[in-house]
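Below you'll find the structure, written out as structure tokens, and then a few comments.
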């Protein structure tokens, strides 16, 4: 049995490429079914986040299966050239363990990716797309991540894209006390951002989400206000910071919509941090007066600064991961046959 990995991530693919490949929840089952239809492929897991789209698979005929996966990936490009990477067992296993541990993230040591991996694995398992080898692989990856976080200081400092976004807001405004923030989307990233903002003294946080009950629950937890998603723009008066992190397939904040809002914005600057992939905010809004837009790739420079704090810990993490890779490869050699 061979473990395969193929995909793109933030290191080699720009945001406009990554958002083209993003696989939303609405198409996950169909995509898994398409992968499982590949002859010789016995299991698959899809990981699609703001920084990566990766396919993990298992097969006893890796060469033709990997070729079929490459063709599948290229079929999503619509002529766009993308820097796909493809690996077989040992580098694929090591890659997943590094991803789970936060070593392959834009913000080295961040913890959000582990939750995203668990969700991706659970979704694949629920759709019947995994098998014994992938089950063992992902459960082992989760144990590796836990040990890395427990036995090293890799998570010291800002450890998520959300926390870096809040740091950026602090750099822009200085003191965040008294600022008014609107958050579009009430998922895990939004919740982390909201809690960080409140801890930094933000006066008001307004939450809008397609499911109003979820927006209300988050607003209640942080002492904020919830608004219906279709009416977010009507609650925009005096908002200083807009943070977007929805799963919408197309931009929510367009230049046309924001231009009309800015006419009543009293000439105050508006800073937008768009953490979504695909992007929630049309890039053209950056051309509006007093509007300053940062997308997920704009966060990378701040992420690099946090890397200096953790650099000394990376060697320790890599040593732990190498030990676990050896253990898993030993298990693979003793369990060569596929089973569901």
### Identity of the residue in segment 209-226, over 23 Å from residue 177 (Cβ atoms) and in contact (Cβ under 8 Å) with a residue 12 or more places away in the chain, that ends up surrounded by the most Cβ atoms within 10 Å (Cβ to Cβ)
215
### Message
Being assigned by TED's automatic domain parsing to the domain that holds residue 195, outside any helix (DSSP H, G or I) and out of contact with any helix residue (DSSP H, G or I) (no Cβ under 8 Å at 6 or more places or on another chain): is that true of residue 237 here?
### Response
yes
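Conditions (1) under 22 Å from the mean Cα position of the chain (by Cα); (2) under 28 Å from residue 274 (Cβ atoms); (3) buried (at least 17 other Cβ atoms within 10 Å of the Cβ), marked per residue:
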| site | (1), (2), (3) |
| --- | --- |
| 11 | yes, yes, no |
| 15 | yes, yes, yes |
| 24 | yes, yes, no |
| 49 | yes, yes, yes |
| 55 | yes, yes, yes |
| 92 | yes, no, yes |
### Members of segment 71-88 that are in a helix (DSSP H, G or I) and touching a residue at least 40 places away in the same chain (Cβ under 8 Å)
73
### Message
Looking at segment 148-160, I want the residues that are in a helix (DSSP H, G or I) and have a partner that is modelled with pLDDT of 90 or more and surrounded by fewer than 14 Cβ atoms within 10 Å (Cβ to Cβ) with Cβ atoms under 9 Å, at least 6 apart or on another chain. Which pairs are those?
### Response
none
### Message
When you check residue 68 against the structure, is it free of Cβ contacts under 8 Å to residues at least 40 places away in the same chain, in a helix (DSSP H, G or I) and in contact with a strand residue (DSSP E or B) (Cβ under 8 Å, 6 or more places away or on another chain), yes or no?
### Response
yes
#### Entry: One residue from 162, 128, 177 being at pLDDT below 90, surrounded by fewer than 20 Cβ atoms within 10 Å (Cβ to Cβ) and out of contact with any strand residue (DSSP E or B) (no Cβ under 8 Å at 6 or more places or on another chain)
177
### Message
Go through (1) in contact with a helix residue (DSSP H, G or I) (Cβ under 6 Å, 6 or more places away or on another chain); (2) modelled with pLDDT of 90 or more; (3) in a helix (DSSP H, G or I) for residue 104 and report which single condition fails.
### Response
(3)
### Conditions (1) in contact (Cβ under 8 Å) with a residue 60 or more places away in the chain; (2) in a loop (DSSP other than H, G, I, E, B); number of the one not met by residue 23
(1)
### Query
Taking segment 136-159 as the region of interest, how many residues are farther than 25 Å from residue 310 by Cβ and surrounded by 18 or more Cβ atoms within 10 Å (Cβ to Cβ)?
1
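Any residue at all in segment 96-116 that's within 24 Å of residue 34 (Cα to Cα) and touching a residue at least 24 places away in the same chain (Cβ under 8 Å)?
The first filter runs over segment 96-116 and keeps only residues within 24 Å of residue 34 (Cα to Cα), leaving 96, 116.
Imposing the further condition that a residue be touching a residue at least 24 places away in the same chain (Cβ under 8 Å) reduces the set to 96, 116.
So far as segment 96-116 goes, yes, one or more of its residues are within 24 Å of residue 34 (Cα to Cα) and touching a residue at least 24 places away in the same chain (Cβ under 8 Å).
The values are calculated or read from the model by the stated rules, or taken from the named source; none is laboratory data. These numbers were taken from a predicted model, which means no experiment stands behind them. With ideal geometry, Cβ positions are generated from the backbone for all residues, glycine too; neighbour counts draw on all protein chains shown.
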